[in-house]
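Student: Here you go, one structure.
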Amino acid sequence: MKRQLFVLGCLAALIAPAAGASDLTVAQIVDKNVAARGGLQNWRAVSNMTLAGEMDAGGKQDTRLPFVWTMKRPHKSRLEIKFYDQTAVQVYDGKQGWKVRPFLNRNDVEPYTTAEAKSAAGWQELDGPLVDSAAKGIKVELAGKEAVEGRDNYKLRLTLANGNQRNLWVDTKTFLETKMDGEPRRMDGRIRKVAVFYRDYKRVDGVTVPYTLETVVDGVKQSHKISVQTVAINKPLDDALFAKPQITLAKAALPAPKTK
């Protein structure tokens, strides 16, 4: 009897698939993500992208600030945030960064801090880390599955070109990114984990873009949400837009902030 059970057990092992055998490889997950985002060729055709909308300012009044975020290959970015009649500017030309913060009574152009420069250098272009990941020097590993906001996700471990590691979660059905580790922050004397959630994807000129980004800091009740209202792709942009800003350039015509 024992021998019969042993034989049956061996047959069952041969017939039944091994645990996880139906799961996709990391390469297949990445390929499906790129396809869900619009495809490699469509993203390679995107030379620049401009997002405009509103972001949380924080505080008790729950103020929403208008913003314009412009990105251009290779690795250039400019963020403008309107605060009443003043406009804060952050610019990165691919190697150096500057900022103007008039709402803090800092009307001079300041260089990025060491931490800000490191964070900007680690930013993964306008198409995210998985599109053309090998060309960007990013190693992608599968770290299992986890639920994100009640949905099954593949958890991917990314090793960036600079050696930093980040986790990225991809929905097992839509294959769109749902969550990614953000830059850790020091608050109250300790380092806190940061997560960025991606929601409300829409197709724009052949590529798929999240229209809601929410940043959550571990142990902090209030999150920070960015709501995109418009996306413009491949509009004419002068590289001067990403150079060290002049004070006159910092006063862009953006609408006044809204209070809920």
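The values are calculated or read from the model by the stated rules, or taken from the named source; none is laboratory data. Model, not experiment: these values are computed from the prediction. So basically every Cβ, Gly included, is an ideal-geometry build from the backbone, and we count neighbours across all protein chains shown.
Student: Within the set of pairs 6 or more residues apart or between chains, which connect a residue that is at positive phi inside the stretch 55-79 to a residue that is at pLDDT below 95 with Cβ atoms less than 6 Å apart?
Tutor: The qualifying pairs are D62/K260; H75/G94.
Student: Another question about this same structure. Name the single residue that is modelled with the highest pLDDT among those in the stretch 72-84 being touching a helix residue (DSSP H, G or I) at 6+ places or on another chain (Cβ under 9 Å) and surrounded by fewer than 19 Cβ atoms within 10 Å (Cβ to Cβ).
Tutor: Ranking the qualifying residues of the stretch 72-84, first place goes to H75.
Student: Would you say E183 is acidic (D, E), under 13 Å from the mean Cα position of the chain (by Cα) and either at pLDDT below 95 or not in a strand (DSSP E or B) (or both)? Step through it out loud before you land on a result.
Tutor: Working: acidic (D, E): yes; under 13 Å from the mean Cα position of the chain (by Cα): yes; either at pLDDT below 95 or not in a strand (DSSP E or B) (or both): yes.
The answer is yes for E183.
Student: Okay, next question. Within the stretch 230-253, is even one residue modelled with pLDDT of 85 or more, under 28 Å from T63 (Cα atoms) and in contact with a Pro (Cβ under 8 Å, 6 or more places away or on another chain)?
Tutor: no
Student: If I ask for residues that are exposed (fewer than 10 other Cβ atoms within 10 Å of the Cβ) and either on the phi < 0 side of the Ramachandran plot or at pLDDT 50 or above (or both), which ones from the stretch 14-50 would you list?
Tutor: The answer is L14, I15, A16, P17, A18, A19, A21, S22, T25, Q41.
Student: Now a separate question. Do you know which residues across the stretch 55-71 are surrounded by fewer than 20 Cβ atoms within 10 Å (Cβ to Cβ) and in contact with a Pro (Cβ under 9 Å, 6 or more places away or on another chain)? Please lay out each step first, then the result.
Tutor: In the first step, residues of the stretch 55-71 are kept if they are surrounded by fewer than 20 Cβ atoms within 10 Å (Cβ to Cβ); the result is 56-64, 68-69.
Within the stretch 55-71, A57, T63, R64 meet the criteria.
Student: Read through the list (1) at pLDDT below 95; (2) over 20 Å from V216 (Cβ atoms), then give the number of the only condition that E141 fails.
Tutor: (1)
Student: In addition: Tell me whether the stretch 105-124 contains one or more residues that are touching a residue at least 24 places away in the same chain (Cβ under 8 Å), exposed (fewer than 14 other Cβ atoms within 10 Å of the Cβ) and touching a Leu at 6+ places or on another chain (Cβ under 9 Å).
Tutor: No, the stretch 105-124 contains no residue that is touching a residue at least 24 places away in the same chain (Cβ under 8 Å), exposed (fewer than 14 other Cβ atoms within 10 Å of the Cβ) and touching a Leu at 6+ places or on another chain (Cβ under 9 Å).
Student: Within the stretch 158-165, is there a residue that is touching a Gly at 6+ places or on another chain (Cβ under 6 Å), part of a strand (DSSP E or B) and modelled with pLDDT of 95 or more?
Tutor: No, the stretch 158-165 contains no residue that is touching a Gly at 6+ places or on another chain (Cβ under 6 Å), part of a strand (DSSP E or B) and modelled with pLDDT of 95 or more.
Student: List every residue pair whose Cβ atoms sit under 6 Å apart, with the two residues 6 or more apart in sequence or on different chains, where the first one lies in the stretch 199-221 and is surrounded by 13 or more Cβ atoms within 10 Å (Cβ to Cβ) and the second, anywhere, is in a loop (DSSP other than H, G, I, E, B) and not small (G, A, S).
Tutor: What qualifies is Y201/L176; T208/R37; D218/K193.
Student: Still on this model: Taking the stretch 130-154 as the search range and keeping residues that are part of a loop (DSSP other than H, G, I, E, B) and within 15 Å of I29 (Cβ to Cβ), which one is farthest from the chain's Cα centre (by Cα)?
Tutor: Only one residue fits best here, namely A134.
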